[in-house]
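**Student:** Quick one: this structure, given as structure tokens, is what I'll be asking you about.
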């Protein structure tokens, strides 16, 4: 866990409520890219939060967040370490919560699962990571054919979860993370 934290950019908690927790950090490289990490409660009376992040873009109307950006500073590992560090901080504040993570494209989903697989040993004893598969769940498809859950009528019976196994990560649709009870 220490390695992940040490590889991270400095981040700042900028918003905290029961429904949303937000962090900011800056990716450094050819240019400074402000990144924002969100933990949004999926359901009113639940402890499940969706993890999303993207670049902050300044427009004439104000700030906009894009998770479709291809801008990078060749620092993807440091950016993902920072996102994981924000997740650790979030779960230390809201220890009864669970975090859902999946990419908004197949390639990003694969990248996130690869990063989790590479850091899984660092999570042991701190975070419990599950690989999850959609089971009879209504899905939304984007124009690239990528599927995401439709949370309108979501139930945990709509997913099958397994202790995360990097050898099976290609089969997982998304990842669920919570505090490890074995601490």
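The values are calculated or read from the model by the stated rules, or taken from the named source; none is laboratory data. Please read these numbers as outputs of a predicted model, since none were measured by experiment. FYI the Cβ positions are ideal-geometry reconstructions off the backbone, even for glycines, and counts take in every protein chain you see.
**Student:** Tally the residues that are over 12 Å from the mean Cα position of the chain (by Cα) and either over 15 Å from residue 3 (Cα atoms) or in a loop (DSSP other than H, G, I, E, B) (or both), restricting the search to the stretch 108-128.
**Tutor:** Residues flagged as over 12 Å from the mean Cα position of the chain (by Cα) and either over 15 Å from residue 3 (Cα atoms) or in a loop (DSSP other than H, G, I, E, B) (or both) within the stretch 108-128 amount to 6.
**Student:** Still on this model: So how many residues does the stretch 160-183 have that are modelled with pLDDT of 90 or more, closer than 18 Å to residue 97 by Cβ and part of a loop (DSSP other than H, G, I, E, B)?
**Tutor:** 1
**Student:** Kindly provide the set of residues from the stretch 84-99 that are in contact with a helix residue (DSSP H, G or I) (Cβ under 9 Å, 6 or more places away or on another chain) and either without any contact (Cβ under 8 Å) to a residue 24 or more places away in the chain or not in a loop (DSSP other than H, G, I, E, B) (or both), ordered by number.
**Tutor:** Those that are in contact with a helix residue (DSSP H, G or I) (Cβ under 9 Å, 6 or more places away or on another chain) and either without any contact (Cβ under 8 Å) to a residue 24 or more places away in the chain or not in a loop (DSSP other than H, G, I, E, B) (or both): 84, 85, 88, 98, 99.
**Student:** Also: For the stretch 63-87, name all the residues that are within 27 Å of residue 124 (Cβ to Cβ) and surrounded by fewer than 18 Cβ atoms within 10 Å (Cβ to Cβ). Break it down stepwise before answering.
**Tutor:** Going residue by residue through the stretch 63-87, those that are within 27 Å of residue 124 (Cβ to Cβ) are 75-87.
Matches in the stretch 63-87: 75, 76, 77, 78.
**Student:** Taking residue 105 as meeting all but one of (1) surrounded by fewer than 17 Cβ atoms within 10 Å (Cβ to Cβ); (2) in contact (Cβ under 8 Å) with a residue 60 or more places away in the chain; (3) under 23 Å from residue 131 (Cβ atoms); (4) under 16 Å from the mean Cα position of the chain (by Cα), write down the number of the exception.
**Tutor:** Residue 105 satisfies every listed condition except (2).
**Student:** Sort through 12, 3, 60, 44 and tell me the only one that's exposed (fewer than 14 other Cβ atoms within 10 Å of the Cβ), in contact (Cβ under 8 Å) with a residue 40 or more places away in the chain and farther than 18 Å from residue 178 by Cβ.
**Tutor:** So the residue among 12, 3, 60, 44 that is exposed (fewer than 14 other Cβ atoms within 10 Å of the Cβ), in contact (Cβ under 8 Å) with a residue 40 or more places away in the chain and farther than 18 Å from residue 178 by Cβ is 3.
**Student:** Which one is modelled with the lowest pLDDT among residues in the stretch 135-159 that are surrounded by fewer than 16 Cβ atoms within 10 Å (Cβ to Cβ), within 23 Å of residue 178 (Cβ to Cβ) and touching a strand residue (DSSP E or B) at 6+ places or on another chain (Cβ under 6 Å)?
**Tutor:** 150
**Student:** Please work out if residue 127 is under 25 Å from residue 76 (Cα atoms), touching a strand residue (DSSP E or B) at 6+ places or on another chain (Cβ under 8 Å), surrounded by fewer than 16 Cβ atoms within 10 Å (Cβ to Cβ) and modelled with pLDDT of 70 or more.
**Tutor:** No; evaluated as a whole, the condition is false for this residue.
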